[in-house]
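Taking it in order: structure first as structure tokens, then the write-up.
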Amino acid sequence: MCDDSMDQALVKFIEGMPKVELHLHIEGTLEPELMFELAKRNGVALPYKSVDEVRAAYTFANLQEFLDLYYRGMSVLLTERDFYDLTAAYLKKMAAQNVTHVEIFFDPQGHTERGVEFTTALRGIKRALAAAREEFGITSKLIMSFLRHKTEADAFAIFEEAAPHLDMIDGFGLDSSEKPFPPSLFERIYAKARSTGKPLMAHAGEEGPPEYVRQALDLLKVNRIDHGNRSLEDRELVIRLARERMGLTVCPLSNLKLRGIKEMKDHPLKTMLLHQLKATVNSDDPAYFGGYMNENFIAVAEALQLTREEILTLAQNAIEISFLTPEQKGMKTRELEAYVADQGRRSTR
Ligand code: HPA
Ligand code: ZN
């Protein structure tokens, strides 16, 4: 192998592997080029002169610095077509990266507070998801997130707006500034969300302490934890997460860009696998953090020297902790096994 950084065969293996993405904010896929295009189309003024200037602004000391730009970026999303174009661009990239199923978040409060109707965002995103099912065979779930920097009353208000459209929504999440907004603030809206019978998840342990992960489990009764990195500081919690086979949707490039870790080689993903946690690889806000699914897998595999087996465990974990039916999960597992068998045949040829 002449490459001194990473085994190119492993890169190809990752790129070709059928993958499932479970932690993706659709508003975080807004690439600077599209941001400019939509700004022009909608007559929105941007505080940047060029695409390069936008990219240059993307260095963050923490989650809040990123969120400030993330919410500012959203200002160009006004019409149903804008949400369609945003989502379609992401799904086209996922088709090219062999991603076959996605479970994506949207932040309706980030739009309604700007005067954009809940249904404008919802319909645009859903139409693009349906088109990608037709064109690429990509299946999907759409999860609406509550913004934790806003009040409980605000969360109830957006739930009421969503209520007539629950047939178009597959689950509920909690995102935005983690500290100082513990999950306990949202116990009652989660009880209401739970009454729909749909899956629940919450961002916890990204910047917040292990206690926030415990609250997400005990008070919000989530089916999945988004991030969960800081759980590793609490031995009892790690044992519990493993015992309960609780899914963690981990986002390596996000953790690096938001300074949860200093270098990728400090990433806790390998430790999570060693503790038998159901960890997965995801991209979070790829337009802001420098990479989609393949780039996240490759960056973390290289830095932590992950084996093919560990990479497959991550891919299989994503199938297991997805909100697909048992039959669909079985199909995805067989698809992954067929890929591995085919790769084996190629390497012995
Ligand atoms: N963390 C919390 N909230 C978010 C993020 C994130 O990485 N991206 C969009 N909303
Ligand atoms: Zn996130």
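The values are calculated or read from the model by the stated rules, or taken from the named source; none is laboratory data. The shown structure was predicted, so the numbers you read here are calculated from the model rather than taken from an experiment. We place every Cβ from the backbone using ideal geometry, glycine too, and count neighbours over all the protein chains shown. Quick note on the areas: whole protein, heavy atoms, side chains included, nothing else; ligands and nucleic acids left out. Shrake-Rupley method; radii C 1.70, N 1.55, O 1.52, S 1.80 Å.
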Practice task
Given the conditions (1) more than 16 Å from ligand 2 (Cβ to nearest atom); (2) open to solvent by less than 40 Å² (accessible area, probe 1.4 Å); (3) assigned to a loop (DSSP other than H, G, I, E, B), report the number of the one that Phe159 does not fulfil.
Solution key: (3)
Practice task
Kindly indicate whether any position in region 228-245 is over 27 Å from Asp7 (Cα atoms), more than 16 Å from ligand 2 (Cβ to nearest atom), of a type outside the set (A, V, I, L, M) and touching a helix residue (DSSP H, G or I) at 6+ places or on another chain (Cβ under 7 Å).
Solution key: yes
Problem - Qualifying positions in region 207-233 - surrounded by fewer than 24 Cβ atoms within 10 Å (Cβ to Cβ), of a type in the set (Asp, Glu) and farther than 13 Å from Thr271 by Cβ - result: Glu207, Glu211, Asp218
Completion exercise
Flagged pairs (Cβ under 8 angstrom, 6 or more apart or on separate chains; first in region 288-299, buried (at least 24 other Cβ atoms within 10 Å of the Cβ); second polar (S, T, N, Q)) are Met293/Gln97; Met293/Asn282; Met293/Ser283; Asn296/Asn282; Asn296/Ser283
Handout entry: Lone qualifier among Lys257, Lys278, Lys262 - being basic (Lys, Arg) and within 20 Å of Thr313 (Cβ to Cβ)
Key = Lys278
Handout entry: Identity of the residue in region 57-101, of a type in the set (Phe, Trp, Tyr) and part of a helix (DSSP H, G or I), that ends up surrounded by the most Cβ atoms within 10 Å (Cβ to Cβ)
Key = Tyr90
Problem - So Ile104, is it outside any helix (DSSP H, G or I), surrounded by 15 or more Cβ atoms within 10 Å (Cβ to Cβ) and either of a type in the set (Lys, Arg) or under 20 Å from the mean Cα position of the chain (by Cα) (or both) - result: yes
Exercise for the section: Might you check whether a residue that is within 16 Å of ligand 2 (Cβ to nearest atom) and crowded, with 16+ Cβ neighbours inside 10 Å occurs anywhere in region 124-142? Expected result: yes
Exercise for the section: Please tell me if Lys92 is more than 26 Å from Thr112 (Cα to Cα) and among the basic types (Lys, Arg). Expected result: yes
Practice task
Would you check if there is a residue in region 31-46 being in contact (Cβ under 8 Å) with a residue 12 or more places away in the chain, assigned to a loop (DSSP other than H, G, I, E, B) and open to solvent by less than 30 Å² (accessible area, probe 1.4 Å)?
Solution key: no
Fill in the blank from the handout: Residue set Arg188, Arg114, Arg123; condition out of contact with any Cys (no Cβ under 7 Å at 6 or more places or on another chain), without any contact (Cβ under 8 Å) to a residue 40 or more places away in the chain and charged (D, E, K, R); output residue Arg188
Exercise for the section: Inspect region 177-197 for any residue being touching a Lys or Arg at 6+ places or on another chain (Cβ under 8 Å), open to solvent by 10 Å² or more (accessible area, probe 1.4 Å), farther than 24 Å from Ser322 by Cβ and more than 14 Å from ligand 2 (Cβ to nearest atom) and give the result as yes or no. Expected result: yes
Handout entry: Odd one out for Lys150, checked against (1) among the basic types (Lys, Arg); (2) without any contact (Cβ under 8 Å) to a residue 24 or more places away in the chain; (3) more than 18 Å from Met168 (Cβ to Cβ)
Key = (2)
